[in-house]
Amino acid sequence: MKWVSTNASSLNENFELWQDDKKLADISFTKSTHIVRFVSTISKKLFFFEKKGLFSPKAILKNEYGIKIGKVEEIKSGAGKGFIEMNEKKYYFVYNENNSGELELYDESKQKSLLTCSFNTLAKGFTKTKSLLDSKFPSLLMALCWYALQPHLPIGTLNKAIH
């Protein structure tokens, strides 16, 4: 899978999630708010994102009703490694290991790779000198996980790889 930026106007930023030659989802960020519109073959959703914490920063994902459904924490600012919690489960991620621009998502014990997603076309916005939480990365990561970890995905191979 891979994320692709489709445009960045003064009001919105738009991204698409692709697997091979099939578009899986569209995401639209409204720059003046922390609202994300997510459209895929399985659902249309509104998500709200916020960053919390001073000494231990984290990005929080809420559904359209304001209920927390996930969070992202980086192990160390700029490390490209951390945890995501979603649906009461914890996952480990590694981003841009060996400057690959790839994200690898693992189970909590780091024993099994669940998915790989390329952020290459977006990587210029995610630098090692600042926290990934200061970019669109946590929002895209949580949207990816929310989509990919759904129990009834239309993409059979992806569903089998995760479950």
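Laid out as a table, the results:
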| read-out | value |
| --- | --- |
| Projected-area mean, the chain, by convex hull of Cα positions, square nanometres | 9.4 nm² |
| Sum of side-chain charges, LEU46 neighbourhood, beta-carbon under 10 Å (Lys, Arg +1; Asp, Glu -1) | +3 |
| Counted charge near LYS89, where neighbours are those whose Cβ lies closer than 10 Å (Asp, Glu -1; Lys, Arg +1) | -3 |
| Check: the range 1-62 dipole with +1 on Lys, Arg Cβ and -1 on Asp, Glu Cβ, in debye | 320 debye |
| Spatially proximal aspartates and glutamates relative to LYS2 (Cα-Cα < 13 Å; intrachain offsets below 8 disregarded) | GLU16, ASP20, ASP21, ASP26, GLU102, GLU104 |
| Over the chain: helical MRE at 222 nm, DSSP H runs n ≥ 4 each giving -39500 (n - 2.57), nearest 500 | -3500 deg cm²/dmol |
| Euclidean distance between Cα centres, the range 68-97 to the range 28-56, Å | 16 Å |
| The range 2-162: relative contact order in percent, alpha carbon pairs under 8 Å with at least 6 residues between | 15 percent |
| Debye, to nearest 20: dipole size of the chain, +1 on Lys, Arg Cβ, -1 on Asp, Glu Cβ | 300 debye |
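No lab work stands behind these numbers, since they all come straight from the coordinates. Predicted model, so just to flag it, every value in this text is computed and none were measured. All Cβ positions, even for glycine, are placed from backbone atoms using ideal geometry, and neighbour counts span all protein chains on display.
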